[in-house]
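Data first, discussion second: the structure below is written as structure tokens.
All of the numbers you see were taken from the coordinates with simple rules; none came from a lab. Because the structure is predicted, anything quoted here is derived from the model rather than measured. Please note: Cβ atoms are built from the backbone with ideal geometry, for glycine as well, and neighbour counts cover all protein chains shown.
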Amino acid sequence: MTHPVRRHMPLWLKLAFSLWILFWAPAVAIQVGNQNFLWLCNLANFLLLIGLWSESRLLISMQWLATALVGTFWALDAGTAWVTGWHPIGGTEYMFNAATPLGVRLLSLYHLILPLVAGFGVCRLGYNPRALLWQTAVTWLAVATAYRFTDPVRNVNWVQGPFGITQDWFAPGLYMALLMMAWPLLLYLPVHLVTRRRLSQ
């Protein structure tokens, strides 16, 4: 597989993303608590920051896998609900819940930005195919940690049920196994395959 000529990440992007993290991280900790940092999309903020400054093809490729489809589905669900009031996928209901602090809802708009930043990084530095394996490992660790150490009410990484719904269809162990397989197979593998094919042309 060929890669584009390696170029550096622009300094302005590194600085802008750093300022975002300096604002976002304390705000999340204050408004919703540290447990929320275990959400995979929240972990992506930190890993992408490290990837930008280190110009790590692996880390940026991992976050491309983590955010490309998730961010797209989030935008589709929130955008459709904003226009029609209907959530075709689910998972963004909190964005339209008056009980959710406005600050939390505004901070969640980063879901629209992360795929753009990670995608730009992949175009700039190239894609590392090992990202699929490494991001799967990070996902499994984050899901297992969320299940063991976070408040079940928070349903971090959907360890209690998908799309904010508490599931009772499967035994907890079986559901966790299915969840840990679904994440890489349904969300990461398609992006991995398409990205490899596009960058090999």
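Observations
- Taking the three principal axes of the alpha carbon atoms in the range 1-119, the coordinate ranges are 46, 33, 23 Å, sorted in descending order.
- Taking the C-alpha atoms only, the angle from helix 172-182 to the longest principal axis of the chain is near 30 degrees.
- Gain upon complete extension [Phe163, Ala29; 0.36 nm per residue less C-alpha separation]: 46.0 nm
- Long-range tail of P(r) for the range 82-149 (Cα pairs > 18 Å, %): 64 percent
- Distance between the range 11-75 and the range 148-164 - C-alpha centres, whole angstrom: 20 Å
- Once each of the trypsin sites (Lys or Arg not before Pro) sitting in a DSSP loop with at most 13 other beta-carbon atoms within 10 Å is removed, the chain keeps 8-129 as its longest stretch.
- Packing-based ranking of 18-31, 43-56 yields 43-56, 18-31, ordered from highest to lowest mean Cβ neighbour count within 10 Å.
- The modelled label-to-label distance for the pair Ile113/Tyr94, using points 7 Å beyond Cα in the direction of Cβ, is 1.8 nm.
- If the chain linking Ala144 and Leu106 were pulled fully straight, counting 0.36 nm for each residue of separation and taking away their Cα-Cα distance, it would gain 10.9 nm.
- Overall Cα dimensions of the range 111-201, principal axis frame, Å, largest first: 45, 24, 19
- Those chymotrypsin sites (Phe, Trp or Tyr not before Pro) in the range 70-118 that DSSP places in a loop and that have at most 12 other beta carbons within 10 Å: Trp86
- Using just its DSSP H runs of length 4 or more, each adding -39500 (n - 2.57), the chain gives a mean residue ellipticity at 222 nm of -20000 deg cm²/dmol after division by all residues.
- Under the Debye formula (equal points on every Cα, no solvent term), log10 I(q)/I(0) of the chain at q = 0.09, 0.10, 0.12, 0.16 Å⁻¹: -0.35, -0.43, -0.63, -1.12
- Peptide ranges 63-71, 115-123, 186-194, 160-168 listed from the most packed, as the mean C-beta count within 10 angstrom indicates: 63-71, 115-123, 186-194, 160-168
- Degrees, to the nearest 10: 131-149 long Cα axis against longest axis of the chain: 30 degrees
- Val153 paired with Ile21, simple spin-label distance in nm, labels 7 Å along Cα-to-beta-carbon: 3.1 nm
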